[in-house]
Amino acid sequence: MAYSLLIMAIKDLQAKQGNVDIELDVVDVGEVREFEKFGRTGKVATAIAKDETGDIKLSLWNEDIERIKAGDKIKITNGYVSEWQGEKQLTTGRFGKLEVVGEDKEAKEEATKGPDEEKNKEEYQQEKEKIDEVEEKLKEEPVADEEEIKDK
């Protein structure tokens, strides 16, 4: 079987295309789902992977799920492009190979941010503005001295 020496790009991938050799950055790995088919159980997870031309869903099967995490740079050799609900998905298929070849620092930073970091920054900024506003009002208003408070 001949393998392509050229590394492909996501934008050039077509449904039902085999013999795909591509390097990608994994952006996110979704939840693991268990299934049973032909009396055998297995696991699958959908990841999002990208290159400079776009992104694609990547089906990870069984032991590959534990090997791959967001921020990994991966290489797929002899992969296969399928289509599910009108969307292209890349997989190793029966005969392909998936290997981790490095890390994508940008994708790793995105993955480690956590989903609420931006929201937390906004909430922090709003709280800080409220505190600053109260502090400004306190500066403007004279504070009653202890004797005045006791008299009331």
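I need the full set of residues from the stretch 31-69 which are touching a residue at least 40 places away in the same chain (Cβ under 8 Å) and in a loop (DSSP other than H, G, I, E, B), in order please.
As a first pass, look at the stretch 31-69 and keep what is touching a residue at least 40 places away in the same chain (Cβ under 8 Å): 46, 49-56, 68-69.
If the condition is that a residue be touching a residue at least 40 places away in the same chain (Cβ under 8 Å) and in a loop (DSSP other than H, G, I, E, B), then Glu52, Thr53, Ile68, Lys69 are the ones that fit.
Inspect all residues belonging to the stretch 34-41 and state whether any of them is of a type in the set (A, V, I, L, M, F, W, C), touching a strand residue (DSSP E or B) at 6+ places or on another chain (Cβ under 7 Å), in the same structural domain as Glu66 (by TED's automatic domain parsing) and modelled with pLDDT under 95.
yes
Condition (residue is touching a residue at least 24 places away in the same chain (Cβ under 8 Å), in contact with a helix residue (DSSP H, G or I) (Cβ under 8 Å, 6 or more places away or on another chain) and of a type outside the set (D, E, K, R)) applied to the stretch 3-21: is it met by at least one residue? Lay out the reasoning, then the answer.
Residues of the stretch 3-21 that are touching a residue at least 24 places away in the same chain (Cβ under 8 Å), as a first pass: 3, 9-21.
Adding the requirement that they be in contact with a helix residue (DSSP H, G or I) (Cβ under 8 Å, 6 or more places away or on another chain) leaves none.
No, there is no match, as no residue in the stretch 3-21 is touching a residue at least 24 places away in the same chain (Cβ under 8 Å), in contact with a helix residue (DSSP H, G or I) (Cβ under 8 Å, 6 or more places away or on another chain) and of a type outside the set (D, E, K, R).
Would you call Gln89 at pLDDT 70 or above and at positive phi?
No, not satisfied.
Quick check, is Glu23 exposed (fewer than 11 other Cβ atoms within 10 Å of the Cβ), more than 11 Å from the chain's Cα centre (by Cα) and at negative phi?
Judged against the criteria, Glu23 is not a match.
Going residue by residue through the stretch 27-41, is there one that turns out to be among the small types (Gly, Ala, Ser), surrounded by 15 or more Cβ atoms within 10 Å (Cβ to Cβ) and more than 20 Å from Val100 (Cα to Cα)?
Looking for residues that are among the small types (Gly, Ala, Ser), surrounded by 15 or more Cβ atoms within 10 Å (Cβ to Cβ) and more than 20 Å from Val100 (Cα to Cα), one finds none in the stretch 27-41, hence no.
For the stretch 74-93, check the following and say yes or no: at least one residue is more than 19 Å from Asp12 (Cβ to Cβ) and crowded, with 18+ Cβ neighbours inside 10 Å.
No, that holds for no residue.
The values are calculated or read from the model by the stated rules, or taken from the named source; none is laboratory data. This one's a predicted model, so the numbers in the text were calculated from it and none came from an experiment. All Cβ positions, glycine included, derive from the backbone under ideal geometry; neighbour counts span all protein chains shown.
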